[in-house]
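Shown next, in structure tokens, is the structure this report addresses.
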Amino acid sequence: MRRCESGAEKAGVDIQRAETRQRHRSAAVESELRRQICNVGRSMYRRGLVVACEGNLSVRIDPERILVTPTAVCKGHLAPQDLLVTDLNGIVKRGAGRPSSEILMHLLFYRLRPDVQAICHAHPPTATAFAVAGRALDEAVLPEVIVNLGTIPLAPYGTPGTWELCESLEPLVATHDAILLQNHGVVTCGGDLAAAYQRLETVERFAQILLTAQFLGGPHVLSGLNVQKLIAARSFYGVSRAGDSSELRITSESLAGGNIGSFSRRSSNAGLAKGAAKESHSLPFNG
Ligand code: 13P
């Protein structure tokens, strides 16, 4: 004969069922995140943003744990079971082998940016060439980049995998979603892995275009007013970055006034200034 459940027993069973459902949901989320990391690793490798064992990826699983790529393996050939789960101190909770040697850099972003859910680090050849040449990507040139990223600053060199690198990044992390690492590569972050990865692609594309423009006489640099208009359009494009025209150090006005730091500019001032002069003639806003 079927025994009637007491109220307390029923409540206990309900809680158990809810916990089981929650465990299944978390397992499904984690397996989807594992799949995403493998796909992005493949894509980075195929597009030449990394070669050999370069680069690393991570995502937040929940407030206490991240999923990260293992060290010293090709990120183009990852399988979901290769990834490691660590806590926010980098202690491995699940998975074999060692996590990325750059885990400190990933944890720095997660600690300083509650909005960040994913990190991509790679060595895209042209953007890395800018980083090697000591040049930030801070010219106001492409609307897409101004809207989505603002300035892409250059963090001074720090030994990869150490606190030295984190110290050089720390002042930039709160206000930038993409950063060049001097003599090293690029790191990007996002509200999910797709956003972080798209930013990585955008940085490399911007660097390629800027380099090509140098060969064609130098880029046409936008005015501060045009930068302001693009920043004002961020909400229209669903971009939540805060900021103002001072976000981009190099506008046509700063070039015309010679008000540019020597660090990010090397030999291209002449080409850029030519572009600035062109714009000041062609735009009605410049008086
Ligand atoms: P890991 O394989 O340890 O993640 O390192 C790759 C890399 O790109 C270091 O900068």
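Check the stretch 93-110 and report whether any residue there is of a type in the set (Lys, Arg) and under 20 Å from the mean Cα position of the chain (by Cα).
There is no residue in the stretch 93-110 that is of a type in the set (Lys, Arg) and under 20 Å from the mean Cα position of the chain (by Cα).
On the phi < 0 side of the Ramachandran plot, assigned to a loop (DSSP other than H, G, I, E, B), at pLDDT below 90 and not charged (D, E, K, R): does that describe SER235?
In short, no.
Among the residues that make up the stretch 58-72, is at least one of them more than 18 Å from LEU200 (Cα to Cα), at pLDDT 95 or above and among the hydroxyl-bearing types (Ser, Thr, Tyr)?
yes
Looking only at residues in the stretch 111-125 that are surrounded by 20 or more Cβ atoms within 10 Å (Cβ to Cβ) and not in a loop (DSSP other than H, G, I, E, B), which one is farthest from the ligand (Cβ to nearest atom)?
Among residues in the stretch 111-125 that are surrounded by 20 or more Cβ atoms within 10 Å (Cβ to Cβ) and not in a loop (DSSP other than H, G, I, E, B), the one farthest from the ligand (Cβ to nearest atom) is ALA118.
Could you tell me whether any residue of the stretch 22-41 is within 13 Å of the ligand (Cβ to nearest atom) and surrounded by 15 or more Cβ atoms within 10 Å (Cβ to Cβ)?
Checked the stretch 22-41: at least one residue is within 13 Å of the ligand (Cβ to nearest atom) and surrounded by 15 or more Cβ atoms within 10 Å (Cβ to Cβ).
Quick one: how many residues across the stretch 4-27 are outside any helix (DSSP H, G or I) and modelled with pLDDT of 90 or more?
0
Collect the residues in the stretch 167-208 that are part of a loop (DSSP other than H, G, I, E, B) and small (Gly, Ala, Ser), keeping them in residue-number order.
Listed by number, the residues that qualify are ALA174, GLY191.
Suppose we filter VAL141, VAL145 for residues that are farther than 30 Å from LEU88 by Cβ and assigned to a helix (DSSP H, G or I); which single one remains?
That would be VAL145, the only listed residue that is farther than 30 Å from LEU88 by Cβ and assigned to a helix (DSSP H, G or I).
Name the residues in the stretch 139-150 that are under 18 Å from ALA213 (Cα atoms) and surrounded by 24 or more Cβ atoms within 10 Å (Cβ to Cβ), would you?
Passing the criteria: GLU139, ALA140, VAL145, ILE146.
Select from the stretch 148-164 the residues that are part of a loop (DSSP other than H, G, I, E, B) and of a type in the set (S, T, N, Q) and list them in ascending order.
Scanning the stretch 148-164 gives THR151, THR159, THR162.
Would the stretch 54-63 turn up any residue that is near the ligand (Cβ under 9 Å from one of its atoms), buried (at least 19 other Cβ atoms within 10 Å of the Cβ), small (Gly, Ala, Ser) and touching a residue at least 60 places away in the same chain (Cβ under 8 Å)?
Yes, the conditions are met somewhere in the stretch 54-63.
The values are calculated or read from the model by the stated rules, or taken from the named source; none is laboratory data. What you see is a predicted model; the values in this text were computed from it and never measured. Every residue, glycine among them, receives a Cβ derived from its backbone with ideal geometry; neighbour counts consider all protein chains shown.
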